[in-house]
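Participant: Below is one structure. I have some questions about it.
The values are calculated or read from the model by the stated rules, or taken from the named source; none is laboratory data. All values reported here derive from a predicted model rather than from experimental measurement. Don't worry about glycine lacking a Cβ; one is built from the backbone with ideal geometry, like all the others, and counts go over all protein chains shown. In case anyone asks, the SASA skips ligands and DNA or RNA and just uses the protein heavy atoms, side chains included. Shrake-Rupley method; radii C 1.70, N 1.55, O 1.52, S 1.80 Å.
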Amino acid sequence: MVFFFYAYAGVYAHVYILKYEPTPDAVLEEPPEEVVLTMAGSVEPLFSKIEVFDEDDVKVSGKKIFLGDNSIMKVYLRGNLALGTYTVKWLCIGLDGHKKSGRYTFSIEESTGTGLTIDTPHPSFPDRPGI
């Protein structure tokens, strides 16, 4: 009976984000073509979404897809994004029915001439307190 409990808990654990692409607060010199969120667990595609908005709250994202075992949410961005700050808004429903949502920003700035892209790692996972 103990084994069954652990197996059940592992299959239906709450989802949270393992990896953000681009990362929260990233400053990019080139606009990304897509935003990708990798989750720790599968999500329900019909009830999960990821969208990207510009500074005027205009949606700049298009088609979303789910990869692997529905643990990767990807959204393609429209055209060549202008310089500025963009907000990623996401919502996912895990297989256990629990809802998680959040938002973060990234920016596109003029090249500094160094050829380097500044991609600042996020100091903690906002949806996982204490990590």
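Participant: For the stretch 57-99, which residues satisfy the criterion of being within 17 Å of residue 37 (Cα to Cα), in a strand (DSSP E or B) and of a type in the set (D, E, K, R)?
Facilitator: Hits for the stretch 57-99 are 63, 64, 74, 89, 99.
Participant: Output the residues belonging to the stretch 19-66 that are among the hydrophobic types (A, V, I, L, M, F, W, C), open to solvent by 50 Å² or more (accessible area, probe 1.4 Å) and at pLDDT 95 or above.
Facilitator: 58
Participant: Here is a check on your reading of the model: is residue 88 under 25 Å from residue 109 (Cα atoms), touching a residue at least 40 places away in the same chain (Cβ under 8 Å) and open to solvent by less than 50 Å² (accessible area, probe 1.4 Å)?
Facilitator: Answer is yes for this residue.
Participant: So, in the stretch 93-107, of the ones that are modelled with pLDDT of 95 or more and open to solvent by less than 40 Å² (accessible area, probe 1.4 Å), which residue ends up farthest from the chain's Cα centre (by Cα)?
Facilitator: Per the criteria, the residue is 107.
Participant: Run down 63, 49 and say which single residue is within 14 Å of the chain's Cα centre (by Cα) and free of Cβ contacts under 8 Å to residues at least 60 places away in the same chain.
Facilitator: 49
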